[in-house]
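Single-structure report; data block below.
The values are calculated or read from the model by the stated rules, or taken from the named source; none is laboratory data. These numbers come from a predicted model, not from an experiment. Cβ coordinates were reconstructed from backbone atoms using ideal geometry, including for glycine residues, and neighbour counts include every protein chain displayed. With ligands, DNA and RNA removed, areas are computed over all heavy atoms of the protein, side chains included. Shrake-Rupley method; radii C 1.70, N 1.55, O 1.52, S 1.80 Å.
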Amino acid sequence: MPIKYIGKSIDFKGKTLWEILGNLKNFGVGRIIARNMFERYPEPSYIKIMKVETVPNPETNTPDDMRKVRVWCENTFRGRKFPELYEVFATSYKADYKLIPKYEEAEYCKCDNPRVHNKVLPKTTSFPPLLRELIMRDMKARGEVVEEPQLKIIYNVSQQSHYRAAENDESPTEPLQKGFGKAVTSTLQPHQVSNL
Amino acid sequence: MLSRLANTKLTITVEAFSLNYTNLQICRWGRKPRWLPTAKTKMFRVPPRPQIPVEDYEELKRLYNIYRTEIKSLKNYFTEKYSVENVQRFDMEQHEKSFKEDFLKCNAINDEWNQQIKVEREERVAKELEENIEDAKKRLEARNERQLIKLQNADEIVRHEIEASKDFITPEKLDAAIEYALNNPVDYNYAIDLDGNIIEGRETGSRKLEIKQ
């Protein structure tokens, strides 16, 4: 009888962290482990195991909690190494890890094309038209000097981000895309809207 | 902004709202009722994962990034604006001060009203007292008058009784009264003939009855 799989397909491919580390000598300290999901990036992402700690039986015995392990490692994400040790615990149950064989380590960790770092993005931008009119009207009503109001832009900044907002008098290296901007390909360019 | 709007031809025609029923699309709840579980035939059906072309994916990601950044910035702007205003509004010292000022103002108005009402009340009480005294006096007079009339009536009755008591048959007068009664018999019998004459008593004379027409 042929096997028929049911349920949704997943993107994960591999084993949980403990499934790999539990079978290795000295719990795999010093070995390189990669996540399959991070292989979509052109730059290499991997972790180097430094310390492994098992966890006591959790109070809530969900299957995911049962599979967890606490690991400290040197984390390299998209070719950039984190300055401090990185703890993997919450994501350790994901069946998405794979062990890199020792003879492949050097090849896997080689980063030929590091990302361009430190984009400087503009600090402020103009308000949407109607809101801008309202703000200017308010200014007029309060008797202030009417000048173009500037909206402070909030960027998502994390340890991995390669951009930052411009400081005080710094000029941005990248312009901010507003509205529809320029499409990634000409076939997707909305002509009529861009003419507005 | 308005000039931009004016440049693009914004024309809304009546045809856009005409009732053309061929344009209507009736939407029915075309599936199982919501409270029923997954149908048996659909239980193990796995919907295929959407295949988005790489170009489209990249474009959508780019657009959403722009959108999210802008919305986040606007949210931040509004939060900051209104939170700052709130802080000013709920400055405790200012609040207390204004509260006290308001209280004093209200108190002054209240005192004024009380003063006004006091004057009015005194006037009213004095007037009411006067009226009450007047009323009491009137009532006293009326009562005295009533009393007087009552006394007079009683006097009248008494006088009448005294007058009447002269004819009362006392034990002393009893014999005389009996004597008088025997000597003066009274006969109340009478008859009426066809002509309307009343014939009184058995032996006494007759008189004509006046017939009321």
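Could you work out what % of the accessible surface of segment A:63-124 is carbon and sulfur, using a 1.4 angstrom probe and leaving DNA, RNA and ligands out of the count? Result for segment A:63-124: 50 percent of the exposed heavy-atom area is carbon or sulfur. Just want the answer: with Cβ charges of +1 for Lys and Arg and -1 for Asp and Glu, which residue in A:SER186, A:LEU151, A:PRO128 is farthest toward the dipole's positive end in segment A:119-189? Working it through, the farthest residue towards the positive pole turns out to be A:SER186. Rounded to two decimals, the Cα-based Rg/Rh of segment B:82-138, with Kirkwood Rh, is 1.54. Taken one residue at a time, the phi angles of segment A:153-158 give Karplus couplings (6.51, -1.76, 1.60, θ = phi - 60°) of 8, 9, 9, 7, 10, 9 Hz. Gly and Pro are set to x. Can you tell me the relative contact order of segment A:17-109? Whole percent, Cα pairs under 8 Å, sequence separation 6 or more. Worked out over segment A:17-109, it gives 33 percent.
When chain A is modelled as a GNM with alpha-carbon springs shorter than 10 Å, which of A:LEU176, A:LEU134, A:LEU121 fluctuates the most? Comparing A:LEU176, A:LEU134, A:LEU121 in a Gaussian network model of chain A, the most mobile one is A:LEU134.
For the residues B:LYS137, A:LYS4, B:LYS72, a 1.4 Å probe over the protein chains yields an accessible-area ranking, largest first, of A:LYS4, B:LYS137, B:LYS72. Between helix A:129-142 and chain A there is an angle of about 60 degrees, using the helix long axis and the longest principal axis of the Cα atoms. Using a probe radius of 1.4 Å on protein heavy atoms only, what is the accessible area buried between chains B and A, both sides summed, to the nearest 100 Å²? Separately minus together, B and A give about 2300 Å² buried.
Apply the a/c threshold of 1.5 to the C-alpha gyration tensor of segment A:119-189 and tell me whether it is rounded, prolate or oblate. It comes out oblate by the Cα gyration axes. Karplus-based coupling profile of segment B:153-164, in residue order and whole Hz: 4, 4, 4, 4, 4, 4, 4, 4, 5, 4, 4, 5, with θ = phi - 60° in 6.51 cos²θ - 1.76 cosθ + 1.60 and x standing for Gly or Pro.
What list of ³J(HN,Hα) values in whole Hz, one per residue of segment A:169-180 in order, does the Karplus curve 6.51 cos²θ - 1.76 cosθ + 1.60 (θ = phi - 60°) give from phi, with Gly and Pro shown as x? Coupling constants for segment A:169-180: 10, 5, 9, x, 8, 10, x, 7, 7, 10, x, 8 Hz. Note on segment B:90-139: with neighbouring protein chains present and a 1.4 Å probe, carbon and sulfur make up 54 percent of its accessible heavy-atom surface.
For the segment B:62-74, counting C-beta atoms of other chains within 10 Å of every residue's C-beta and taking the mean gives 5. Under 5 Å between amide hydrogens, built in the peptide plane, is the criterion, and for A:ILE154 it picks out B:SER73 among residues at least 5 positions away or on other chains. Accessible area per residue (1.4 Å probe, heavy atoms of protein chains only) ranks A:SER126, A:SER92, A:SER186 as A:SER186, A:SER126, A:SER92, with the largest value leading. Largest GNM mean-square fluctuation across A:THR60, A:THR185, A:THR91, computed for chain A with C-alpha springs under 10 Å, falls on A:THR185. For A:GLU19, the solvent-accessible surface computed with a 1.4 Å probe is close to 90 Å², ligands and nucleic acids excluded. Rolling a 1.4 Å probe across all protein chains gives B:LEU129 an accessible area of roughly 110 Å².
Taken per residue, the accessible surface of the protein assembly as shown reaches 86 Å², heavy atoms only and a 1.4 Å probe. Annotation: amide H-H contacts under 5 Å for A:MET50 (H modelled 1.01 Å from N, sequence separation of 5 or more, or interchain): A:GLY30, A:TRP72, A:CYS73, A:GLU74.
When a/c reaches 1.5 or more, the comparison of a/b and b/c decides; with that in mind, is the protein assembly as shown rounded, prolate or oblate per its Cα gyration tensor? Here the protein assembly as shown falls in the prolate category. When the Cα gyration tensor is reduced to axis lengths a ≥ b ≥ c, the ratio a/c is 1.5 or higher for segment B:34-128, and with a/b not above b/c it is classed as oblate. For A:SER126, nonlocal amide neighbours, meaning residues 5 or more places apart or on other chains whose placed amide H falls under 5 Å from its own, are A:LEU151. Here the Gaussian network model covers chain A, with springs between Cα atoms less than 10 Å apart; of A:PHE27, A:PHE12, A:PHE180, A:PHE180 fluctuates the most.
Projected onto their three principal axes, the Cα atoms of chain A cover extents of 74, 48, 43 Å, largest first. Residues B:ILE198, B:ILE52 ordered from highest to lowest accessible area at a 1.4 Å probe: B:ILE52, B:ILE198. Shielding by partners for peptide B:53-60, expressed as the average number of C-beta atoms from other protein chains within 10 Å of each residue's C-beta, is 3. List the residues of segment A:132-158 that lose 40 Å² or more of accessible area once all protein chains are present, compared with their chain alone (1.4 Å probe, heavy atoms only, no ligands or nucleic acids). For segment A:132-158, once contacts with the other chains are taken into account, A:LEU151, A:ILE154 lose 40 Å² or more. Counting Lys and Arg as +1 and Asp and Glu as -1 over every other residue whose Cβ lies under 13 Å from the Cβ of B:GLU141, the net charge comes to +2.
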